[in-house]
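S.K.: This is the structure I have questions about; it appears just below.
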Amino acid sequence: MINFPLLILLVLTVVSPVKARSSLLEAVKSNPEEATSLCNHLRELNKQGISASSKKAIKEIAKKRKISTMDAEILSIYVIDMNCPDIQ
């Protein structure tokens, strides 16, 4: 039998990161200028021969936005899909 405090900890561990990612995507969704800025940055990287999904690009996004690389990757995929599908 699982004890109650352990169950609560497990639920919070799973729900908290999901909620944070959701708010990250909502922030970009509600602020088109932010998405445009990210698209422009990724286009510049493409011009330098750097893929938007490369580790270098993801690390730059993470550092600039002070988020994890996992969140940066999710953010870039979302923004590219919704705002700039021409980016590679």
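Values quoted throughout were computed directly from the atomic coordinates according to the rules given, and no laboratory measurement underlies them. What you see is a predicted model, and the numbers here were worked out from it, not measured in a lab. Because the Cβ atoms are built from the backbone with ideal geometry, glycine has one as well, and the counts that use them run over all protein chains shown.
S.K.: Please enumerate the residues belonging to the stretch 64-86 that are crowded, with 19+ Cβ neighbours inside 10 Å and of a type in the set (A, V, I, L, M).
M.R.: Listed by number, the residues that qualify are Ala72, Leu75, Val79, Ile80.
S.K.: List pairs: first residue in the stretch 33-48 and over 14 Å from Tyr78 (Cβ atoms), second residue surrounded by 12 or more Cβ atoms within 10 Å (Cβ to Cβ) and hydroxyl-bearing (Ser, Thr, Tyr) anywhere in the structure, Cβ distance under 8 angstrom, at least six positions apart or on different chains.
M.R.: Leu45/Ser51; Leu45/Ser54
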